[in-house]
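Student: I'd like to ask some things about the structure below.
The values are calculated or read from the model by the stated rules, or taken from the named source; none is laboratory data. What you see is a predicted model, and the numbers here were worked out from it, not measured in a lab. Using ideal geometry, Cβ is built from the backbone for each residue, glycine included, and neighbour counts are taken over all protein chains shown.
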Amino acid sequence: MKLRSIVFSVVLLLSFGINAQTELECKTKLSIFHEAVKAKKYDAAYEPWLYVKDNCPDLNLAIYSDGEKILKHKIENSKNEIQLRFVNALLDLWILRGEHFKGDTPQGEFEAKACQLQYDHKEELGKTTSELFECFNAAFNADKETFTHPKGLYTYFSLMVELFDSGKKSSAELFDTFDDVSEKIDVEIQNYSEKLNALVEKIDNGGTLTNSEENKKRAYESYLKNYTLIQNNMNVIVDKRATCKNLIPLYTKDFEVYQNDSIWLKRSVSRMYHKDCTDDDLYEKLVKQYDKVAPSADTKVYIATLLFKKGKDKEALQYLEKAGELETRSFKKANIMFRIGTILKDKQQYSKARNYLSEALKLNPSNGKPHLLIALMYHDSAKDKNCGKDNFEQRAIFWLAAEEAQKASRVDPTLNDLVQKYVDSYLAKAPAKEKIFLSGLAGKTLKIGCWINRSVKVPTID
């Protein structure tokens with residue numbers, strides 16, 4: 001017994017010594033690979049990283065954050081079987097991260113990343129469209145909140161489209177997925193717009209952004225650009241497959257089942273509105289039922305569209321204003337103000353339209369679209385004799401339109417290309433240099449009359 005006790009003690013001490021030695025080795029190699037990753041020397045970081053990952057998987061989160069960078073480098077710089085080995089290694093790494101650092105591994109985010117990696121290497125992995133869709137679908141439904149990356153969201157939707165086009169998914173399933181992804185994108189656009197608004201307001205108030213804030217501003221603008229891009233692409237894709245011809249019978253058939261489902265009603269009304277199926281009696285039926293089941297700012301907007309269709313403009317505007325009163329969130333309230341401004345612009349009630357568009361800018365200053373609409377109204381008023389006593393003054397309005405349009409790209413870089421087209425068009429219509437010279441007004445400020453009631457500076461002649 002005494003001998004056994006001694007042997008046990010020796011084994012215990014040796015085990016303790018080995019564990020301590022391994023831990024020390026792990027900490028040393030952790031430092032080595034972390035410094036190598038910071039220097040972007042991923043190949044040099046690989047062996048020490050692999051040792052730490054295999055022997056001390058719960059030592060530090062850097063094993064997984066740095067390991068992802070190392071393995072992505074390996075994937076990008078390898079081919080065939082070797083590349084596939086690194087792809088599988090990265091998939092395994094994300095699973096291991098969830099086991100050891102669950103609180104730092106959001107399910108939606110990392111499952112979506114794993115699905116995207118499998119999609120990017122679907123031929124090598126032998127993945128079918130159905131398998132990949134189910135992967136994304138499971139990730140989205142498990143943790144929608146952290147499933148946010150634009151690329152992942154677009155891939156998820158595009159896989160549904162492939163399945164629909166091949167006859168493996170129904171119209172209802174296609175529209176449901178489109179709505180799910182679109183609503184998620186809307187949430188993210190609102191999220192990043194509100195973050196960007198705070199920085200825009202700081203600049204507008206004469207403040208200077210710190211380096212950290214400048215980096216955040218660029219990141220927010222990049223995300224908004226990507227979300228807007230995929231949202232537009234999704235709309236184009238679904239528009240080809242969603243027509244009044246197939247929407248009306250689909251919603252007519254499902255109405256009895258879903259007539260008290262506010263989400264179904266909202267989506268049905270929204271799609272029929274955007275597809276301009278509003279002349280059909282079903283649209284009015286859906287709108288009234290939606291307002292009955294879940295009255296909100298949204299339902300008031302849809303009722304207003306019905307009233308506009310019937311020529312009841314005054315009553316329709318009252319509903320839109322009511323929608324603005326009901327909506328408490330600045331971002332969504334700004335959208336309502338923008339919608340009212342757009343309607344009034346189309347009805348050539350320019351002064352009232354500008355008031356609503358200006359309110360939209362106050363509520364959501366990072367959205368440049370109101371500036372473009374105001375510029376368009378200036379452009380359309382350039383031939384109005386009430387806005388200038390002669391041809392020169394009337395054409396000077398185009399300078400004002402160009403100035404207003406340029407404001408759009410300053411607050412919303414996603415509009416740069418569109419803004420440049422507007423500005424070039426406006427400046428081409430403004431008085432030429434010889435006209436400026438003959439007028440004797442170079443460098444002077446002109447007061448524009450009529451509803452515009454603004455001033456514009458005449459350019460100097462070089």
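Student: Tell me which helices (runs of 4 or more DSSP H) are completely within the range 39-129 and hold 2 or more residues being more than 30 Å from K184 (Cβ to Cβ) and not assigned by TED's automatic domain parsing to the domain that holds N141, or say none if there are none.
Tutor: Answer list for the range 39-129: 42-55, 62-76, 80-100.
Student: So, restricting to helices (runs of 4 or more DSSP H) that lie completely within the range 159-261, which ones have at least 2 residues that are modelled with pLDDT under 90 and closer than 23 Å to F136 by Cα?
Tutor: In the range 159-261, the matching helices (runs of 4 or more DSSP H) lie at 171-204, 211-241.
Student: Something else: Select, from L418, L441, the only residue that is of a type in the set (A, V, I, L, M, F, W, C) and under 30 Å from K217 (Cβ atoms).
Tutor: Among L418, L441, only L418 is of a type in the set (A, V, I, L, M, F, W, C) and under 30 Å from K217 (Cβ atoms).
Student: Pairs, please: C-beta under 9 Å, at least 6 apart or cross-chain, first residue closer than 12 Å to L91 by Cα and in the range 115-126, second of a type in the set (K, R) and part of a helix (DSSP H, G or I)?
Tutor: Q116/K151
Per-residue answers, yes or no, for (1) of a type in the set (D, E, K, R); (2) surrounded by fewer than 19 Cβ atoms within 10 Å (Cβ to Cβ); (3) in contact with a Phe, Trp or Tyr (Cβ under 8 Å, 6 or more places away or on another chain):
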| site | (1), (2), (3) |
| --- | --- |
| E76 | yes, yes, no |
| R85 | yes, yes, no |
| F101 | no, yes, yes |
| K127 | yes, yes, yes |
| E131 | yes, yes, no |
| F136 | no, no, yes |
| D143 | yes, yes, no |
| F147 | no, no, yes |
| F157 | no, no, yes |
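Student: Moving on. Could you say whether any residue in the range 50-59 is under 29 Å from A219 (Cβ atoms) and either modelled with pLDDT of 95 or more or among the hydrophobic types (A, V, I, L, M, F, W, C) (or both)?
Tutor: There is no residue in the range 50-59 that is under 29 Å from A219 (Cβ atoms) and either modelled with pLDDT of 95 or more or among the hydrophobic types (A, V, I, L, M, F, W, C) (or both).
Student: Could you identify the single residue in D281, D276, D291 that is outside the structural domain of A198 (by TED's automatic domain parsing) and on the phi > 0 side of the Ramachandran plot?
Tutor: Matching residue, one of D281, D276, D291: D276.
Student: I'm trying to understand the selection: among the residues of the range 24-38, which are charged (D, E, K, R) and surrounded by fewer than 19 Cβ atoms within 10 Å (Cβ to Cβ)?
Tutor: Matches in the range 24-38: E25, K27, E35, K38.
Student: Additional query: Using beta carbons and a limit of 6 Å, which pairs, at least six apart or on different chains, have the first residue in the range 338-350 and farther than 14 Å from E321 by Cβ and the second one assigned to a loop (DSSP other than H, G, I, E, B)?
Tutor: Y350/W451
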